[in-house]
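Single-structure report; data block below.
Please treat every number below as a calculation from the coordinates, not as lab data. Because the structure is a prediction, the values reported are computed rather than measured. We place every Cβ from the backbone using ideal geometry, glycine too, and count neighbours over all the protein chains shown.
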Amino acid sequence: MSTKKFDYESLQDAHSIKTYLVSLIDSIEKGRIILKSNGEEMAMRVDDLMKFSVQAKKKDGQNKLSIKLSWSEIKPVIKEERASSMSIGS
Amino acid sequence: MLTTALKENLSFMVVEVARQLDETFDFLANGEASAFRKINSRDDYIDNLKTVIENCCFTTLSETKAITQQERDSIQATHTICVNLERIGDFCVSAADQLHYLNNHAILQHFDYQQIFDILAEHLQAVIPVLKEGDMGKALAICRAENQIDAIYKENFDKIMEALRSGKEIENLITVLFIFRYLERMGDSLLNIGEALLLSILGEKIKIEQFQALEETLTKSGLRASLAEVEFSSILGSRSGCRIRKVKSHDGQPLIAPQTQSSIFKEGNKEKILAEKNNLERWSEIFPGLTPRLFSHQESEETASLLVEFLPGRTFEAILLKGDPAELETVCALLHATALDIWQRTRKEVPVKANFIAQIMARMHSVLSVHPDFLRVRQDIGSSEVMPTDELLAKCRQIEEKLAAPFSVFIHGDFNVNNIIYNGAAKRIQFIDLYRSREGDYIQDVSVFIVSNFRQPVFKTHLRDRLNWITRDMYQMAREFAVEQGDETFEVRMALALARSFYTSTRFEWNNDFSHEMFLRSHFLLEKVLAHQDKPWHTFSLPTGIMYY
């Protein structure tokens, strides 16, 4: 299976960070997050259910706040076979 | 020092190569077939000796514990000598082999090849004694023998050409030319041997041309010292492509003037050296005593050299990293006073553009060769666009066109913390490395100073605090000056200048986290400037936190 990656790191002030976050919130509301790098597009369909985690750490005066969304595009397979159709040995 | 086995084998090798030369000469003179067989079999023996010596060198290097630098130099020199001796041996075989293509043996005898063999034999004899006794004069003589061989080659070459013009004996003359070409290449190998001997004596790699430049410069400056009386300390290190050496007399007696113990010899790129010379002269007019005195200079076709006063004292860098806080404060105050004095004395009512963005672009290739990923491509995060580096630079360059400094001053041009010297005895600040001095924007010097503080690879809190307050004080001093002078675009030009220094300094920084930090800071500043483009520039506020780490 192919792996696609997008990577962006920068230094921002509060104002410009807000701009990025707002554009991500917009994308989530629209159901599709589009990330492009040098013309190469990576689209992620937003799911009804996503794992959302917030982690924070403070150590030696260094602060870190991670916001993470993760979800799977592969839906669980629901087999049509039902328990009732299975034969139970007598 | 060298192991006995190594010394013995090298002595054997010199003897064998000397014999090989003798035999080759005899063969060229007499053409006896048996002599050629001997030459061939001796070549195998010489090859074996080379392998033995090489193994000895590598084993000694890898197995000897606590090896000194001098021992390392000696082994390195021995290795270079043995490789080049073997090459001379090979050239003997190749020259002798050419005789088979000669139909008329007598024709070779019209040309003087004996002299070359004599020179090679004479200097080969000196190799082992020089290695043992470290006689610099003899080492230099070995180096210079190559010039003699080249001259003889040229003489014979011209003679062969002339003979060729007659249209007779063409094949034979070309063979003779090939023979001489091999002899000339033996001279090149002899030069490598001589330079290896210099390495073992001086403890540093030095090319004979540099040595000659130094000798001429010393002579021209009227110094009594001959090279034998001069002592070199190792290369002081320079990124500018010039080699720098400290020179003093062996007995510690002053070479130049009573108050000067030693001087600095710089040799290299002609343009840079001459720029430095002109700037030293200019500085001594503006501010006598601020920069080293110029004793003499020398030029050849491609390179130039300078002999300048060695300034006693410590660099600002050494004081900021190791000095005590009170001393550092005194030195900072002096530095500020000196900078202000220079700015006031040299201020000219001429607007001047520093072209910080063009400076980034000019160094981009070197940055990318160290950090290939330090260039942003276009990216989109949802509806937010990230501007690629080249576009960001192009736009900031346009902005900068309208942002000339309102006046010019004479700037240092490379105002790094290690180009500032504090002379404790005289209680004064002095500048070195001035080849980039010019009429410019004072912000260039301030920003280079600030980033040279920033990129000190120290991460202990108390030292970082120190660097941060030095930066803050320098910035405040410059900002106050700007306010006094009515320089309204100070902060935005400072943003561009810092962006320039952060970006271009990454090429000297291998620590990826640290250099990445500078790369990010540079982009942040450029984006800030761009975001402000529709507002008046005097309202731009530099996010000063960017200067601290």
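Placing +1 on the Cβ of each Lys and Arg and -1 on the Cβ of each Asp and Glu in chain B, which of B:179, B:94, B:492 has its Cα farthest towards the positive end of the resulting dipole?
Projecting each Cα onto the dipole axis, the largest value belongs to B:492.
Show me the GluC sites (Glu not before Pro) within region B:29-92 that DSSP assigns to loop and that have at most 12 other Cβ atoms within 10 Å of their Cβ.
Working: sites: B:32, B:54, B:63, B:71, B:86; in loops: B:32.
Counting only loop positions with at most 12 other Cβ atoms within 10 Å, the GluC sites (Glu not before Pro) in region B:29-92 are B:32.
Binning at 10 Å from 0, report for chain B what percent of all alpha-carbon pair distances ends up in each bin.
P(r) over chain B, rounded to whole percents: 3, 15, 19, 19, 16, 13, 10, 5, 1, 0.
Which GluC sites (Glu not before Pro) from region B:254-343 combine a DSSP loop assignment with at most 15 other Cβ atoms within 10 Å?
The qualifying sites are B:301, B:302.
Could you tell me the calculated FRET efficiency between residue B:512 and residue B:110, based on Cβ-Cβ distance and R0 = 51 angstrom, to the nearest 0.05? Walk me through the numbers before you get to the answer.
Values: r = 66 Å, r/R0 = 1.29.
The pair residue B:512/residue B:110 has a calculated efficiency of 0.20.
Give, as a single signed number, the net charge of other residues whose beta carbon lies under 12 Å from the beta carbon of residue B:26, with Lys and Arg counted +1 and Asp and Glu -1.
Overall, the nearby charge balance is -1.
Could you give the angle, 0 to 90 degrees to the nearest 10, between helix B:270-286's Cα long axis and the longest principal axis of the Cα atoms of chain B?
Roughly 40 degrees, rounded to the nearest 10.
Report the Stokes-Einstein translational diffusion coefficient (µm² s⁻¹, integer) for region B:314-547, Rh taken as the Kirkwood radius over Cα pairs, at 4 °C with viscosity 1.567 mPa s.
The estimated diffusion coefficient comes to 70 µm²/s.
Please state, to two decimals, what the Cα-based radius of gyration of region A:14-70 comes to when divided by 2.2 N^0.38 Å (N = residues).
1.38
What list of ³J(HN,Hα) values in whole Hz, one per residue of region B:434-441 in order, does the Karplus curve 6.51 cos²θ - 1.76 cosθ + 1.60 (θ = phi - 60°) give from phi, with Gly and Pro shown as x?
For region B:434-441, the Karplus-derived couplings read 10, 6, 9, 4, 6, 6, x, 8 Hz, x marking Gly and Pro.
If the limit is 23 Å between Cα atoms, which of A:68/B:460; A:4/A:68; A:18/A:64; B:402/B:535 go over it?
A:68/B:460
Below 29 Å, Cα to Cα, which lysines can residue B:154 reach? Residues fewer than 8 away in the same chain don't count.
Correct list for residue B:154: B:138, B:168, B:205, B:207, B:270.
For a distance above 34 Å, tell me the whole-number percent of Cα pairs in the protein assembly as shown that qualify.
The proportion of pairs with Cα distances above 34 Å equals 62 percent.
If only Cα atoms are counted, what is the Rg of region B:4-205, and what is its Dmax, in Å?
18.3, 65
Please compute the net charge surrounding residue A:25, taking Lys and Arg as +1 and Asp and Glu as -1 over other residues with Cβ under 14 Å from its Cβ.
Combined, the nearby Lys, Arg, Asp and Glu give +1.
So how far apart, in nm, are the two label points at residue B:178 and residue B:531 if each is 7 Å from Cα heading toward Cβ?
Calculated label separation equals 7.3 nm.
Hey, what angle do you get for helix B:4-30 against the long axis of chain B, alpha-carbon based, 0 to 90 degrees rounded to 10?
60
Which whole number gives the average, over all residues in A:6-13, of C-beta atoms from other chains lying within 10 Å of the residue C-beta?
Values: counts 3, 2, 7, 4, 8, 11, 4, 6.
Average per residue, whole number: 6.
In sequence order, what are the phi-derived ³J(HN,Hα) couplings for region B:328-335 according to the Karplus relation 6.51 cos²θ - 1.76 cosθ + 1.60 with θ = phi - 60°, rounded to whole Hz, with x for glycine and proline?
These are the phi-based 3J(HN,Hα) values: 4, 5, 4, 5, 4, 4, 5, 5 Hz.
Mind listing which trypsin sites (Lys or Arg not before Pro) in region B:78-178 are in a DSSP loop and have 10 or fewer other Cβ atoms within 10 Å?
Passing sites in region B:78-178 are B:168.
With each run of n ≥ 4 DSSP H residues scored as -39500 (n - 2.57), what mean residue ellipticity at 222 nm is computed for the protein assembly as shown after dividing by its residue count and rounding to the nearest 500 deg cm²/dmol?
-19000 deg cm²/dmol
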